[in-house]
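The values are calculated or read from the model by the stated rules, or taken from the named source; none is laboratory data. None of the values given here were measured: they were computed from a predicted structure. Methodologically, a virtual Cβ is constructed for each residue, glycine included, from the backbone with ideal geometry; neighbour enumeration extends over all protein chains shown.
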Amino acid sequence: MSQGKTIYHQAAAVPFKRDKKGVQVLLITSRKTGRWIIPKGLIEPGDTALFTAMKESTEEAGINGEIIPTVISRYSYPKWEGLCQVVVYPLKVFSLLKHYEEENERKRHWFSLDEAIRAVEKDDLKHVLKAFKQHYGQAE
């Protein structure tokens, strides 16, 4: 990274539930590309990463749930002529809201862990989901 590049801090969540099929992960589509992604957004001044991960998950995917305060992954990517550094938390989903802020801009879909890993295109997201699978992919 060259000197002077702006660092943007973001928080993301891997929304999940356990059911008779095992662990399911909720992915959403990107507004611009339609690719399957996880909810994430910029950490605003005064907000925490945990708050941001939950807020973005509610706005982007209509999730009612609880962030688990354990970092499962971190990754970086270039954006806005700077570098975004993302911290990712697991999010236990209690329910999905019927109506939410970005419902007309995104799709949401439950995937098995292996299906989710195949569905995401970006390698950094594949690594995030594989890290999640190591910690949460087993039955409890």
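Scanning region 43-69 for residues that are of a type in the set (S, T, N, Q) and touching a strand residue (DSSP E or B) at 6+ places or on another chain (Cβ under 7 Å), which turns out farthest from A13 (Cα to Cα)?
Step one: filter region 43-69 for residues of a type in the set (S, T, N, Q), giving 48, 52, 57-58, 64.
Next cut, touching a strand residue (DSSP E or B) at 6+ places or on another chain (Cβ under 7 Å) only: 52, 57, 64.
Values: T52: 9, S57: 7, N64: 13 Å.
Taking the candidates together, the pick is N64.
Is it true that some residue in region 91-102 is under 28 Å from T6 (Cα atoms), among the β-branched types (V, I, T) and surrounded by 13 or more Cβ atoms within 10 Å (Cβ to Cβ)?
Scanning region 91-102 turns up no residue that is under 28 Å from T6 (Cα atoms), among the β-branched types (V, I, T) and surrounded by 13 or more Cβ atoms within 10 Å (Cβ to Cβ).
Among the numbered criteria (1) in a loop (DSSP other than H, G, I, E, B); (2) touching a Ser or Thr at 6+ places or on another chain (Cβ under 6 Å), which one does K32 miss?
Answer for K32: the failing condition is (2).
Select from region 44-58 the residues that are assigned to a helix (DSSP H, G or I), more than 14 Å from L26 (Cα to Cα) and of a type in the set (D, E, K, R) and list them in ascending order.
Of everything in region 44-58, just one residue is assigned to a helix (DSSP H, G or I), more than 14 Å from L26 (Cα to Cα) and of a type in the set (D, E, K, R), namely K55.
Being under 14 Å from R106 (Cβ atoms) and either small (G, A, S) or surrounded by fewer than 18 Cβ atoms within 10 Å (Cβ to Cβ) (or both) is true for just one of G62, G46, G22. Which residue is that?
Values: G46 fails: under 14 Å from R106 (Cβ atoms); G22 fails: under 14 Å from R106 (Cβ atoms).
Being under 14 Å from R106 (Cβ atoms) and either small (G, A, S) or surrounded by fewer than 18 Cβ atoms within 10 Å (Cβ to Cβ) (or both) holds for just one of G62, G46, G22, which is G62.
State whether the residues of region 115-123 include one that is touching a Phe, Trp or Tyr at 6+ places or on another chain (Cβ under 6 Å) and modelled with pLDDT under 95.
So far as region 115-123 goes, no, none of its residues is touching a Phe, Trp or Tyr at 6+ places or on another chain (Cβ under 6 Å) and modelled with pLDDT under 95.
If you scan region 1-19, which residues turn out to be farther than 30 Å from D114 by Cβ and at pLDDT 90 or above? Break it down into steps so the answer makes sense when it comes.
The initial filter retains those residues of region 1-19 that are farther than 30 Å from D114 by Cβ, namely 1-9.
Within region 1-19, T6, I7, Y8, H9 qualify.
Does region 66-92 hold any residues that are within 17 Å of V23 (Cβ to Cβ) and among the hydroxyl-bearing types (S, T, Y), and which are they?
Answer for region 66-92, where residues must be within 17 Å of V23 (Cβ to Cβ) and among the hydroxyl-bearing types (S, T, Y): T70, S73, Y89.
Spot the failing condition for G65; the list is (1) closer than 21 Å to E121 by Cβ; (2) not in a loop (DSSP other than H, G, I, E, B); (3) not aliphatic (A, V, I, L, M), and only one is missed.
(1)
Would you call K98 touching a helix residue (DSSP H, G or I) at 6+ places or on another chain (Cβ under 7 Å) and free of Cβ contacts under 8 Å to residues at least 60 places away in the same chain?
The answer is no for K98.
Could you list, ordered by first residue, the pairs with Cβ atoms under 7 Å in which the first is in region 111-140 and farther than 15 Å from L26 by Cα and the second is part of a loop (DSSP other than H, G, I, E, B), at least 6 apart or interchain?
That search, which allows pairs on different chains as well, returns E121/R35; A131/I72; H135/I72.
Check region 75-84 and report whether any residue there is of a type in the set (A, V, I, L, M) and within 13 Å of the chain's Cα centre (by Cα).
No, region 75-84 contains no residue that is of a type in the set (A, V, I, L, M) and within 13 Å of the chain's Cα centre (by Cα).
Conditions (1) surrounded by 15 or more Cβ atoms within 10 Å (Cβ to Cβ); (2) within 15 Å of the chain's Cα centre (by Cα); (3) outside any loop (DSSP other than H, G, I, E, B), marked per residue:
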{"position": "V86", "(1), (2), (3)": "yes, yes, yes"}
{"position": "E105", "(1), (2), (3)": "no, no, no"}
{"position": "F111", "(1), (2), (3)": "yes, yes, yes"}
{"position": "I117", "(1), (2), (3)": "yes, yes, yes"}
{"position": "E121", "(1), (2), (3)": "no, yes, no"}
